[in-house]
Amino acid sequence: MTQSGIDLMDVDGLTQLPRHVAIIMDGNGRWAQQRNLPRHAGHKAGVKTVRSSVEQSVKYGIEVLTLFAFSSENWKRPQKEVSLLMDLFMVALQREVKRLKRNDVRLRIIGDRSAFSEKLQQRIAAAEADTANNSGLVLQIAANYGGRWDITQAVHRLALKVESGQLKAGAIDESLISSELSFSDLPDPDLFIRTGGEQRISNFMLWQSAYSELYFSEAFWPDFDAQAFDQALEFFSNRQRRFGMTSEQLALAENKGSVE
Ligand code: IPE
Ligand code: IPE
Ligand code: MG
């Protein structure tokens, strides 16, 4: 195993796999508009792609798949669209749990869930509890998530500790901040995918993506099929992750088994 991913000798020609794949699932609205359908039809069609991405991740033994489903800023959309998205989330949580269990997938929701209805919060907790003992892929759905929200809530928690005297301000370092962020127990994303043709981060994982490999696909999310997912893995497999070092240092480390 390398620092960056799983070494794979010749699985579908890939030499390196990400441990954690994070995806901004974008382009549902445009997919629907292209077909003269309401935007919501695109969100619905996108659920199928969620399934295929989970299946591919399970197939390759990827440890974590994080999908950006609803950002802190998506509340600004027309109320009708927001409410249909909430309904879809509710239905998907209920319908997909069986399939997740079959695939040994552990579901987690990241983001500020306090803004959701009581019923949706209960459904989230039930789906998480139902899959908590699974030991395969961790599937994280980022809902009402924002990178700035994540950093802000981490800062609040640290400030409370300083205020109560449990922590000295001078003791705050990068690893302490990391430890208060969402999913601090999981590896940072190695591969960061955005579908739908835009090349921006849109407030997804700001801290955790510091060294992610970025992959932008022109495909709208409902069209991002298993083959497209595999192409992203192929892109990742061809990257040399240097983390600030030189290629020569990495080659040397590979020969010696450690970094000098
Ligand atoms: C992504 O698709 C899904 C959500 C943000 C909920 P969009 O709805 O943003 O689709 P486009 O970008 O308008 O095509
Ligand atoms: C990012 O997509 C959020 C999700 C996919 C959930 P947006 O469609 O909201 O991003 P912008 O507004 O184009 O940057
Ligand atoms: Mg969009």
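Values quoted throughout were computed directly from the atomic coordinates according to the rules given, and no laboratory measurement underlies them. Owing to the predicted nature of the structure, the values given are computational and were not obtained by experimental measurement. Heads up, the Cβs are rebuilt from the backbone with ideal geometry, glycines too, and the neighbour counts pull from every protein chain shown.
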With the radius of gyration and the Kirkwood radius both derived from the Cα set of region 38-186, what is their ratio Rg to Rh?
1.02
Give the share of C-alpha pairs in each 5 angstrom bin for region 111-225, from 0 to the last occupied bin, in whole percents, shortest bins first.
2, 9, 15, 17, 18, 18, 13, 5, 2, 1, 0
Counting only DSSP beta bridges with both residues in the chain, tell me the antiparallel percent, nearest 5.
15
Whole-Hz Karplus ³J(HN,Hα) for region 112-119, in order, using 6.51 cos²θ - 1.76 cosθ + 1.60 and θ = phi - 60°, x for Gly and Pro?
8, 7, 5, 7, 7, 4, 4, 5
Hey, can you rank 185-195, 236-246 by average C-beta count inside 10 Å, highest first?
185-195, 236-246
If you average 1/r over all unlike Cα pairs in the chain and invert the result, what Kirkwood radius do you get in angstrom?
19.7
Mean separation of Cα contacts under 8 Å, 6 or more apart, over the residue count of region 34-191: relative contact order %
27
By per-residue mean of other Cβ atoms within 10 Å, what is the highest-first order of 211-218, 76-83?
211-218, 76-83
From DSSP H assignment alone, runs of 4+ in the chain each adding -39500 (n - 2.57), the sum over residues rounded to the nearest 500 puts [θ] at 222 nm at -14000 deg cm²/dmol
Trypsin sites (Lys or Arg not before Pro) within region 93-172: which are DSSP loop residues with at most 13 other Cβ atoms inside 10 Å?
LYS168
Along the three principal axes, how long is region 203-246 when you take its alpha carbons, biggest first, rounded to the nearest angstrom?
37, 27, 13
